[in-house]
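Colleague: Below is a structure I'd like to ask you about.
Bear in mind that the values in this text are calculations on the coordinates, not laboratory data. A quick note: this is a predicted structure, and the numbers were derived from the prediction, not measured. Every residue, glycine among them, receives a Cβ derived from its backbone with ideal geometry; neighbour counts consider all protein chains shown.
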C-alpha cells in the first residue's frame, strides 16, 4: 500500500510548504518578537513614572549650574557657539549614557527571578531578545531628550526645530542608547553579579564621559586623550547630536561618519551580546 501523498495546495494559494516560512513572514515574526520584548520592558517605566523625575535632576544641574557658570566665565573655547549651546547636546548624550549603561542590571535581576531561563527556552531568537531590550533603553532615553529640550528652551539655547533635524535627534538618541545598553548587557553576561556590575558600571561611566567631547572640544585635550576620544563611541554620539540639535552646530567628524560609527558599533555589540546572552543563565 502506497503512503498517502500530501495534499496539493489549493489553487491560487501561495502559502509556503509546511515547516517553512516565507522571508517576509519570517521578518515580520522577528520584528513582532523584538517589539514584544521592548513592550514588556517599556511597561516597567509606566509602573514607576517617578523615575522620570529623578532622571531629570542630573541634566538640570549640569545645564542650570555648570552650564550657566562656564558660559559666564568663557574659559572653554567653543567658537561661535555659546557654551550653554555647546553643552546641551553633551548633557543629552551623558543622560543617554547614564540611563543605558546601567540597563544591564535588570538582566541580572531577571536571571535571579528565573525570567532569563524562560526567555532562553522560548523560540525567540537571541538577537531579538537583545534588540528588544535595546529598543526599550532607547524609549527611556527619549524621555531624557524631552527633558533636555525643555531645559534648553528655557535657557535660550539656539535649537534646530525643523522636522528632519528632530527626527534625526530621535533616531540618534535611540541608536546611542541601543549601543550603550547592549554594552551593559555584555558586561552583565560576563560578571553575572549585581555587585560587580555596579562597580564596573561606575568605573566606566566617568572615563567615557570625560574622554569625550561632551563638555569641551577635542582640540583642547592633550594628545593622548584626543586619541582615546576618537575611539570613544560617545564622542560620535555627541558630535551627531551637536550638528542636529543646534542652529549653528557643525559636525567635527561628519554626520555620516558619526552615524556610520554608531551603526557599525551597535551591530558588532549586538552580535557579541547574542552569543553571550545564553551564558547569563549558567
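Colleague: Summarise the long-distance tail of P(r) for segment 75-170 by giving the % of C-alpha pairs beyond 17 Å.
Modeller: Here the tail beyond 17 Å accounts for 63 percent of pairs.
Colleague: Please report 259, 269, 76 as a ranked list, fewest other C-beta atoms within 10 angstrom at the top and most at the bottom.
Modeller: Exposure proxy ranking, most exposed first: 76, 259, 269.
Colleague: Using alpha-carbon positions, what is the distance between the centroids of segment 215-260 and segment 97-171, in Å?
Modeller: The distance from the Cα centre of segment 215-260 to that of segment 97-171 comes to 21 Å.
Colleague: How far apart, in nanometres, would the label points at residue 170 and residue 195 be if each is projected 7 angstrom from Cα along the Cα-to-Cβ direction?
Modeller: 4.4 nm
Colleague: For the residues 55, 72, what sequence is obtained by ranking on other C-beta atoms within 10 Å, fewest first?
Modeller: Sorted ascending by nearby Cβ count, the order is 72, 55.
Colleague: OK, next. Once you put a point 7 Å from the Cα of residue 227 and another 7 Å from the Cα of residue 250, both along the Cβ direction, what distance in nm separates them?
Modeller: For the pair residue 227/residue 250, the computed spacing is 2.8 nm.
Colleague: Assign one of three labels to segment 194-276, namely rounded, prolate or oblate, based on the Cα gyration tensor with a ≥ b ≥ c the square roots of its eigenvalues; rounded applies when a/c is under 1.5, prolate when it is not and a/b is larger than b/c, and oblate otherwise.
Modeller: Because a/c hits 1.5 or more and a/b fails to exceed b/c, segment 194-276 counts as oblate.
Colleague: Give me Rg/Rg_expected for segment 23-281, where Rg uses Cα atoms only and Rg_expected = 2.2 N^0.38 Å with N residues.
Modeller: 1.02
Colleague: Still on this model: Taking the beta-carbon count within 10 Å as an exposure proxy, list 133, 118, 192 from fewest neighbours to most.
Modeller: Fewest-to-most Cβ neighbours within 10 Å comes out as 118, 192, 133.
Colleague: Please pull out the direction-averaged projected area of segment 128-229, using the convex hull of its alpha-carbon atoms, in nm² to one decimal place.
Modeller: Seen from a random direction, the Cα hull of segment 128-229 projects 8.8 nm² on average.
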